[in-house]
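Colleague: Please read through the structure below; I'll follow up with questions.
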């Protein structure tokens, strides 16, 4: 009878530890999920050397400028046509999809004009 109780308690303890371990791993995986955000604005500058776009946006009724970095994976479209960063101009109205990557706003997709 004592052996059954010891085995049962040991099994319970092992399952409790496994569950705690899995919950901890799931929490760390969830922390790495990046949420994409969308902004609309007007391009105030493009710097191809530092790979940044400065965008004028209306935030809570005020006009602000924010910087967004782009990379070789950033897609650019105008309607259904595929474009490049070189097709962007100061003053263009764009819709920009980005994710927060460390200290940078990493641009994933740019649509020229309003959809």
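Any read-out appearing in this document is the output of simple, stated calculations on the displayed coordinates, not a laboratory observation. Since we're looking at a predicted model, the values are computed, not measured. Reconstructed Cβ throughout: ideal geometry from the backbone, glycine too, with neighbour counts over all protein chains shown.
Colleague: Report the extension gain between residue 58 and residue 35 in nm, rounded to one decimal, defined as 0.36 nm multiplied by the number of residues separating them, less their alpha carbon distance.
Modeller: Length gained between residue 58 and residue 35: 6.2 nm.
Colleague: Please arrange 68, 98, 73 by how many other C-beta atoms lie within 10 Å of their C-beta, fewest to most.
Modeller: 73, 68, 98
Colleague: Treat the count of other C-beta atoms within 10 Å as a stand-in for reagent exposure and order 64, 69 from fewest to most.
Modeller: 64, 69
Colleague: Sequence gap at least 6, Cα distance under 8 Å: using those rules, report the relative contact order of segment 37-112 to the nearest whole percent.
Modeller: Answer for segment 37-112 is 34 percent.
Colleague: Can you give me the convex hull volume of the Cα atoms of segment 37-112, divided per residue and expressed in Å³?
Modeller: 90 Å³
Colleague: Counting other beta carbons within 10 Å of each Cβ, put 94, 85, 110 in order, fewest first.
Modeller: Arranged by neighbour count, lowest to highest, 94, 85, 110 become 85, 94, 110.
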